[in-house]
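The values are calculated or read from the model by the stated rules, or taken from the named source; none is laboratory data. Just so we're clear, the structure is a prediction, and the values are computed from it rather than from any experiment. Positions of Cβ are generated from backbone atoms using ideal geometry, with glycine treated the same way; all protein chains shown enter the neighbour counts.
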Amino acid sequence: MLFPDYRPRRLRQNQALRRMIRETVLTVDDFVLPLFAIGGKNVKNPIDSMPGHFQLSVDQLLKTAKKVHESGIPAVMLFGVPDKKDALATSAYAKDGIVQKAVKTLKDSFPELLVITDVCLCQYTDHGHCGIVDGHSVDNDATLDLLARTALSHAKAGADMVAPSDMMDGRVAEIRGILDDNGYSHTPIMSYAAKYCSYYYGPFRAAADSAPKFGDRRTYQMDPANSTEAIREVTMDVEEGADIIMVKPALAYLDIICRVRQEIDLPVAAYNVSGEFSMIKAAGKMGWIDDQKVMMETLTSIKRAGADIILTYFALEAAEILNGMG
Ligand code: PBG
Ligand code: ZN
């Protein structure tokens, strides 16, 4: 098809034609909103680098959950900011831990809103690593049991789905095993399967107080230069029993989302992470871009790349636009 016989502009003449041939359509069904739960009452601590986001005590969390539910967003991803940290991350798997309490309250009030819990230890360890530390290295196998106990405690509190983000080898099998052994064979696992060691997590680590106190996460999170390795990581989690696999971050890794979508036949989630959110907000605030337009373009690009599910701090704002209220 060559010009002048073929003219691509023929199908771009008006909005109706453009709508008719549009290949990617965002909907509120695609979104998961991450939320930060903290102890206390009436706490709403703004996260400076993430405008519109807060550390919320459980009572405040309910107000946000109401908005999320009313906007048609199907799920939230819950992170905990605990009162105390220690070497064994005990508040990660405590029955009355912050996530456990928040899940229970959310499910009591909004039974239809899916509550997915992030399963990791970094907010709960005094050193800020995602696993148990031996000297200066993270002990993979010693960490598995604690991750499994954390996941089980979330399921017992009522979590609809658990999402391990630690990047220890073998954790999906360990979590699947403990859930099945305790009557939670119906609880799905969304694994952060291809999670890169990224500087785009900066604002999140401030929000969740989870930055490592020494070293970095390069010995467990993936090297940003690798793509084939992502397929191995994802395949491993699939074989261990993951129900949904995630690529994280999203924007600098659209090629990974695309490749995983082509090679794996499970639902693919992508995490539009904190730094990606903050950059758009900051440029918008400076007046350098139209942040609402860039938001929609960005979310569309993640879906176009192949994501079935998008975890994003933009979920509520984008839902407003999609629901015709923006
Ligand atoms: C912790 C965790 C991180 C994020 C989600 N879970 C940070 C990290 O690995 O240091 C990042 C989320 C974001 O940046 O929005 N395991
Ligand atoms: Zn972690």
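Among (1) within 21 Å of Arg205 (Cβ to Cβ); (2) small (Gly, Ala, Ser); (3) more than 16 Å from ligand 2 (Cβ to nearest atom); (4) over 19 Å from the mean Cα position of the chain (by Cα), where does Ala89 come up short? In the conditions (1) within 21 Å of Arg205 (Cβ to Cβ); (2) small (Gly, Ala, Ser); (3) more than 16 Å from ligand 2 (Cβ to nearest atom); (4) over 19 Å from the mean Cα position of the chain (by Cα), Ala89 misses (3) alone. Here is a check on your reading of the model: is Tyr201 within 16 Å of ligand 2 (Cβ to nearest atom) and within 27 Å of Ala142 (Cα to Cα)? Yes.
Applying the set (1) away from ligand 2 (no atom under 13 Å from the Cβ); (2) touching an Asp or Glu at 6+ places or on another chain (Cβ under 7 Å) to Ser165 leaves exactly one unmet item: (1). Restricting the range 285-326 to residues that are at pLDDT below 95 and farther than 18 Å from Arg22 by Cβ, the residue that is surrounded by the most Cβ atoms within 10 Å (Cβ to Cβ) is Gly326. A single entry from Ala148, Ala163, Ala173 fulfils the requirement of being under 19 Å from Thr125 (Cβ atoms) and in a helix (DSSP H, G or I): Ala148.
Each residue in the range 75-89 was checked for being over 18 Å from Phe36 (Cβ atoms) and crowded, with 17+ Cβ neighbours inside 10 Å, and 0 of them qualify. State yes or no: is Ser153 over 17 Å from Gly39 (Cα atoms), in a helix (DSSP H, G or I) and either within 16 Å of ligand 2 (Cβ to nearest atom) or in contact (Cβ under 8 Å) with a residue 24 or more places away in the chain (or both)? In short, yes. The set of residues in the range 103-136 that are among the small types (Gly, Ala, Ser) and part of a helix (DSSP H, G or I) contains only Ser109.
Among the residues of the range 151-163, is any within 10 Å of ligand 1 (Cβ to nearest atom) and either within 15 Å of Pro212 (Cα to Cα) or buried (at least 22 other Cβ atoms within 10 Å of the Cβ) (or both)?
Yes, the range 151-163 contains a residue that is within 10 Å of ligand 1 (Cβ to nearest atom) and either within 15 Å of Pro212 (Cα to Cα) or buried (at least 22 other Cβ atoms within 10 Å of the Cβ) (or both).
Just to be sure before I move on: is Asp216 modelled with pLDDT under 95 and within 15 Å of ligand 2 (Cβ to nearest atom) in the structure I sent? It is false that Asp216 is modelled with pLDDT under 95 and within 15 Å of ligand 2 (Cβ to nearest atom). Among residues of the range 195-222 that are more than 25 Å from Leu56 (Cα to Cα), those with a beta-carbon under 9 Å from a residue that is surrounded by 22 or more Cβ atoms within 10 Å (Cβ to Cβ) and among the hydroxyl-bearing types (Ser, Thr, Tyr) at least six positions away or on a different chain give the pairs Lys195/Ser165; Lys195/Tyr271; Tyr196/Tyr253; Ser198/Tyr253; Arg217/Tyr201; Gln221/Tyr196; Met222/Tyr196.
Having 3 or more residues that are within 23 Å of Gly202 (Cβ to Cβ) and not small (Gly, Ala, Ser) is the bar; report the strands (runs of 3 or more DSSP E) wholly within the range 223-326 that clear it. Write out each step before concluding.
Details: elements: 244-248, 268-272, 309-312.
Result: 244-248, 309-312.
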